[in-house]
Amino acid sequence: MQHTPTVPTEKPRNGLAGLKHWRYDLRSGFTVALISLPFSMGIAITSGAPPICGLVSAIIAGFVLPFLGGSYVTISGPAAGLAPVLFASMITLGQIHLGKGAPESELLAAGYPLVLVAIALAGVVQVILAKLKVARLSAIFPAAAIQGMLAAIGLMIIAKQIPLFMGEKFEGREFWTILAEVPRHLGSMNRPVFILGVGCLAGLFVLTALPGRLLKVLPPPVWVFFAGTLASVFILKLDKRYLIEVPSSIMDGIVLPQFGTVFAHPGLWLALGYVVLTLVLIDGVESLATIAAVDRIDPFRRRSDPDRTLQAMGASNVASSVLGGLTIIPGMVKSTANILGGGRTQWANFYNACFLLMFVLLFSHLINKVPLTVLAAVLVFIGYKLCRPAVWLNVARVGTEQAVIFVITLLVTLTTDLLIGLLAGTAVKLVLNLWLESLWHTSRTGSDSPEPSLSGRFLSLFRNPVTQREFTEGAYHLYLDGSLVCFNLFHVIRELGQLPPDARTVQLHLSSRVPLVDHTTSETLRYFLEEFSGQDQRPKLTIEGWHYMRPLSRHETSPRIALADVAELGLPQRTD
C-alpha cells in the first residue's frame, strides 16, 4: 500500500496573510534568484535577445504574479521551451521587415521589437481566455504529443548551444543545419572555451548524481555557474567576446515594442498572427502542465487555479513585453528549488525578483565576467532533462501507439516548428483513436447492425461522456458512456471541478459501452485519484467499470479497451 505523507494542518496562503512566512520565503527567494540569474540570461541568449531581457522578464514575473494569485510555490520567468519559437519569430519578422539578405544580427535587432508586440498580444489573448475559463481545454492535446514537443525543444536548445560551446559563429539557424555545420568548425573552434563548457556540463551531471549536504544549500547549476566564472577570470582569462555583456544601467538595455511599425506594415500581420497563436498555445499548454506537476510536489498539497494562473501569465506577458522582456511561464526547475528551499507562498517569487534586481543594479560588472559557454552548459543540462533517454523509454513502455505519436511530433517539430509539430501529433492521435473505435464497433456490431459513420465516430470523441449525475447521502455518482479520450477529457475535468460542496465520495461509473480510455485520460484519472483520496477534507474518488477494460500494456496509465473485444480485435494483450 502506498504511504501518504502527512499534510501540515495549516496551509500557507498568498497575499498579506502569507507575509507571516517571510523567513522561509526570503531564504528560498535568494536561492531561486541564484538559479534564475544564469537561467534567465541563458534563455535570453538562446532566444536571440540581449541577456538583460531575460532578467527583466524574471523580475517582472516576480513583481506581478504574487499579486494576481493562481498558484502558491510556482516560480515563473523566461521560458526555455519558447526560446526556439522566439528566435525563429525574430528572424522571420526581421526578414519581412528588412529583407532576407540582411545579416542575422540585424534581423534579430529588427525582429525583437516586433516579437515584443506579439508577446503583448498573446498576453491579452491569455487574459481573455482565462476570463472565459477555458484553461481546461489544454487537456485536448495528447500527453505523448506534448512530451514529443518538449523533447524536440530539448534537442533544439542543445543544438543552439553548440556555437557557444565552440566559440564560433554558425550560419545555420535550424536544428538540422546547425548539426550539419559542426564538422566544418571542429578545426577552428576555441579550445579553452570548449574545454570550459564541457567541464561545466560534466560538473552538472556529476554534482546532480552526488548526494550531500552541499547540494542542499545551493543546486548544481549555481555551483557550476560560480566555478566556471572563476575559472575563466583567474585561469583561462577568456577574451571579452566570449563573455556576457550586460549594460551598467538596466534602462540602457531595455528594448521597447514597436506597435507603430506593426500597424504601418500590413505585410507583418499574417506572420505576427501566427507567432501570437503559437505563443498562446505553447505557453498555455506548458504553463498548465507545469503548475499541475508543481502541485503534486507541494508539501501542503494546495491546488493551483488554472484559469487564474493563465490570467496571471497573460498579465505578466503584457507587462514584460512593454518593458522589453521575454515571454513568462512557470519553471519546473526553479519551482522545485523553491519547494526544496522551504518556500511557502508567492512571496518567494517576489523576493526572488528583488534579489535579481539588486544583482543587476549593483553587480553588473561582475555579471559581465560570466562566460557564454558556462551559460550554454546550464542550458544544455536543461535541454537534456527534456529529452533524456528515460523520457523515450517511459513513452515506449506506455504503448506502441504512444511512441508513434511521440516520434512523429518530435520529428515534425524539429523539421518545421512547435505549433505544426504539436498539431501533427494531435492529428495522429485522432486517427489512432478513430481506428481503435472502428475496430471495437466492427467486432461489437457484426453484420446485424450498422457501424456508426466516420463522422459519427469523430463527433463522439468530442462529446461529453457524462450522461447522468446523481447525488444521494453524500455520494456523488457520475455515469459515463462512450470513449474517454483527450479530446473530451475537459468535460470530465469540468465535472470533477464542480462537485457538490458536501460530497464525501465521488464514483465514476464506466458503462460497458465505453470502448476506449486513452493514455492521457488514464493519466488524468490517476491524478484525480490522488487528489481526491478522502483525506484533508476532500471526497474520496473511486472508479467502477475498470473490469470492463483491459490495458494494452503493463504500464499503469496504458490505454484501455473494452475487455470483451480485445481478443477479437487482435490487439496486444497484457500477460499477467
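The values are calculated or read from the model by the stated rules, or taken from the named source; none is laboratory data. Keep in mind that what you see is a predicted model, and the values were worked out from it rather than measured. Cβ sites come from the backbone with ideal geometry, for glycine too, and all protein chains shown count toward neighbours.
Which one is nearest to residue 366 (Cα to Cα), of the residues in the stretch 232-256 that are in contact with a Gly (Cβ under 8 Å, 6 or more places away or on another chain) and not hydroxyl-bearing (Ser, Thr, Tyr)?
246
Hey, among 439, 419, 434, 386, which residue is buried (at least 20 other Cβ atoms within 10 Å of the Cβ), at pLDDT below 95 and not small (Gly, Ala, Ser)?
Sole residue among the options that is buried (at least 20 other Cβ atoms within 10 Å of the Cβ), at pLDDT below 95 and not small (Gly, Ala, Ser): 386.
Just to be sure I understand, how many residues within the stretch 214-244 are at pLDDT below 90 and among the charged types (D, E, K, R)?
1
Here is a yes/no grid of residues against (1) surrounded by 12 or more Cβ atoms within 10 Å (Cβ to Cβ); (2) out of contact with any Ser or Thr (no Cβ under 8 Å at 6 or more places or on another chain); (3) not assigned by TED's automatic domain parsing to the domain that holds residue 368:
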site: 238; (1), (2), (3): yes, no, no
site: 246; (1), (2), (3): yes, no, no
site: 252; (1), (2), (3): no, yes, no
site: 274; (1), (2), (3): yes, yes, no
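Would you check if there is a residue in the stretch 392-411 being closer than 18 Å to residue 84 by Cα and buried (at least 22 other Cβ atoms within 10 Å of the Cβ)?
Scanning the stretch 392-411 turns up at least one residue that is closer than 18 Å to residue 84 by Cα and buried (at least 22 other Cβ atoms within 10 Å of the Cβ).
Look through 133, 160 and report the one residue that is outside any helix (DSSP H, G or I), under 24 Å from the mean Cα position of the chain (by Cα) and either touching a residue at least 40 places away in the same chain (Cβ under 8 Å) or not assigned by TED's automatic domain parsing to the domain that holds residue 267 (or both).
Testing whether each residue is outside any helix (DSSP H, G or I), under 24 Å from the mean Cα position of the chain (by Cα) and either touching a residue at least 40 places away in the same chain (Cβ under 8 Å) or not assigned by TED's automatic domain parsing to the domain that holds residue 267 (or both) leaves just 133.
Got at least one residue in the stretch 330-347 being touching a strand residue (DSSP E or B) at 6+ places or on another chain (Cβ under 8 Å) and over 22 Å from residue 23 (Cβ atoms)?
Yes, that holds for at least one residue.
Please list, ordered by residue number, the helices (runs of 4 or more DSSP H) wholly in the stretch 1-120 having 1 or more residues that are of a type in the set (Asp, Glu), without any contact (Cβ under 8 Å) to a residue 12 or more places away in the chain and surrounded by 24 or more Cβ atoms within 10 Å (Cβ to Cβ).
Answer list for the stretch 1-120: none.
So which of 341, 331 is surrounded by 19 or more Cβ atoms within 10 Å (Cβ to Cβ), at pLDDT below 90 and closer than 17 Å to residue 64 by Cα?
Exactly one residue qualifies, and that residue is 331.
Within the group 11, 100, which residue is at pLDDT below 90, closer than 30 Å to residue 373 by Cα and not aliphatic (A, V, I, L, M)?
Only one candidate qualifies: 100.
Output the residue which, of all residues in the stretch 442-470 that are over 19 Å from residue 521 (Cα atoms) and of a type in the set (Val, Ile, Thr), is modelled with the lowest pLDDT.
Top of the filtered list is 445.
Please indicate, with yes or no, whether at least one residue in the stretch 517-529 is of a type in the set (Lys, Arg) and within 16 Å of residue 399 (Cβ to Cβ).
Yes, the stretch 517-529 has at least one match.
Quick one: would you say residue 60 is modelled with pLDDT of 95 or more and either touching a Lys or Arg at 6+ places or on another chain (Cβ under 7 Å) or not charged (D, E, K, R) (or both)?
yes
Of everything in the stretch 270-294, what is small (Gly, Ala, Ser) and either part of a loop (DSSP other than H, G, I, E, B) or closer than 16 Å to residue 116 by Cβ (or both)? Give them in sequence order.
271, 273
Being among the small types (Gly, Ala, Ser), more than 29 Å from residue 96 (Cα to Cα), surrounded by 15 or more Cβ atoms within 10 Å (Cβ to Cβ) and more than 31 Å from the chain's Cα centre (by Cα) is the requirement here; does residue 232 meet it?
Yes, satisfied.
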